[in-house]
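The values are calculated or read from the model by the stated rules, or taken from the named source; none is laboratory data. This one's a predicted model, so the numbers in the text were calculated from it and none came from an experiment. Positions of Cβ are generated from backbone atoms using ideal geometry, with glycine treated the same way; all protein chains shown enter the neighbour counts.
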Amino acid sequence: MLLKNLATTWAQALSRRAGETDQYKIALARYMIESLLSTFLSLLFILLFGLIFGVLKTAVLLTMVVAVLKAVMGGLHLKTPLRCALAGAIMTIILSYLALSVPFARIPKLAQLWIFVLLIYIVWKQAPLEAKGKPLSTEQKQELARNSRILTLLITIICWCWPEGFMTNELFYGTVFQVLNLTKPMALAIDELDRILDRGGKSFEGCAKKIMERRIVK
């Protein structure tokens, strides 16, 4: 909520300074500013966790891959940027360990083929997945859908032709994660995680309130 309010304030201030009154453009500016702030926060967590767990290089490369794909394909988000940043950093560390433990070149060719077929199918059907609060016109959606398909096919060719190339592991695992982020099972998992975090937040607030009330009574 803090990042959203900050982005709204900045977008409104920029629109006033530029003399912009188009609400669509103002909403788009707000979304872009909030996305940048969220990305910066997420990057801080990734750098910190990457240093702590010794997978900084892989984590940074994975982050670059996912960021590019997300800009084109869209994807699911948790309710708040802070949750997204923390969850994204944790998933990046897990993916980093997976990429280092099971390099793409060691995956059987038949398994690689089926994985890429599945990824291409999901992208063809689902991308772009519009995030809440992101205003997109019909033309923009069509362009992003086309770019998503081209990008996925290009990644498939690169990974297939250069299985031991620089960044192939990160390219593969980052693509798998981001494409799965377009699917309904992932949406259900994210909704459940949001519910768990909501309940945890309410419980924490309730406990904190009781503690404060006891102190006031004393």
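From the list L69, L61, the lone residue that is within 12 Å of the chain's Cα centre (by Cα) and either in a helix (DSSP H, G or I) or not assigned by TED's automatic domain parsing to the domain that holds R195 (or both) is L69.
The condition of being modelled with pLDDT under 95 and touching a strand residue (DSSP E or B) at 6+ places or on another chain (Cβ under 9 Å) holds for L136.
Across segment 31-58, the number of residues qualifying as assigned to a loop (DSSP other than H, G, I, E, B) and touching a residue at least 40 places away in the same chain (Cβ under 8 Å) comes to 1.
Collect the residues in segment 69-96 that are free of Cβ contacts under 8 Å to residues at least 60 places away in the same chain and either among the small types (G, A, S) or under 17 Å from L119 (Cα atoms) (or both), keeping them in residue-number order. Across segment 69-96, the qualifying residues are A71, A85, G88, A89, S96.
For segment 84-104, residues that are modelled with pLDDT under 90 and surrounded by fewer than 16 Cβ atoms within 10 Å (Cβ to Cβ) total 2.
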